[in-house]
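Input: a single structure, listed below in structure tokens.
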Amino acid sequence: MERTLAIIKPDAFAAGHAGEIISCYLKEGFKIVAMKLVKMSREQAGGFYAVHRERPFYGELCEFMSSGPCIVLALEADQVIERNRKLMGATDSKKAEPGTIRNRFGTGLQNNAVHGSDSPESAAFELSYFFNALEFAA
């Protein structure tokens, strides 16, 4: 069993897509072992995306991720990281495969509805950023 972090980003939350996105995770067979609604400050978003600090889009990304509420989830399943990456689709929603979350609910490169960890190492960091050990249901 593997765990990963998923985030329903401010754009998808504001558009009312959270329930449909959560349904996508459940239909894929992922178990939700932790979930919460958060409103990150710009500094909190900056800490979460620190790996991108030197990239030109970093400031804009932090501003976007702190612009409204998000839902953070810990998902669990066999090969959940790889499977969730496929379920999400390409980072740019306009290039995401039909039927993927980003294709269905995203509107562009930044406003792409969801985030998902890309490796076991990033999943470990990202999960611990939002959840402590007592917050996991399993």
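None of the figures in this text is laboratory data; all of them are computed from the coordinates on show. Source: prediction; values computed, not measured. Neighbour counts are summed over all protein chains in view; Cβ atoms, including those assigned to glycine, are modelled from backbone coordinates with ideal geometry.
Here are some notes:
- Simple point charges give the picture: +1 on the Cβ of Lys and Arg, -1 on the Cβ of Asp and Glu, and for the stretch 2-131 a dipole about the Cα centre of about 260 debye.
- FRET efficiency, 1/(1 + (r/R0)^6) with R0 41 Å, evaluated for M1 and D92 via beta carbons: 0.85
- Highest-MSF residue in the chain out of S66, S119, S93 [GNM, Cα springs under 10 Å]: S119
- Sites matching trypsin sites (Lys or Arg not before Pro) across the stretch 3-77 that sit in DSSP coil, with at most 15 neighbouring C-beta atoms within 10 Å: K39, R53
- Cubic angstrom per residue, convex hull over Cα atoms of the stretch 2-131: 93
- Sites E60 and E82, calculated FRET efficiency, Cβ-Cβ separation with R0 35 Å, nearest 0.05: 0.80
- Förster radius 25 Å - calculated FRET efficiency between Q44 and E20, Cβ distance, rounded to 0.05: 0.45
- Using a simple spin-label model with pseudo-atoms 7 Å out from Cα toward Cβ, K36 and T107 lie 2.9 nm apart.
- In terms of other Cβ atoms within 10 Å, V80, V51 run from fewest to most in the order V51, V80.
- Neighbour counts of C-beta atoms inside 10 Å place E60, E28 in the sequence E60, E28, starting with the fewest.
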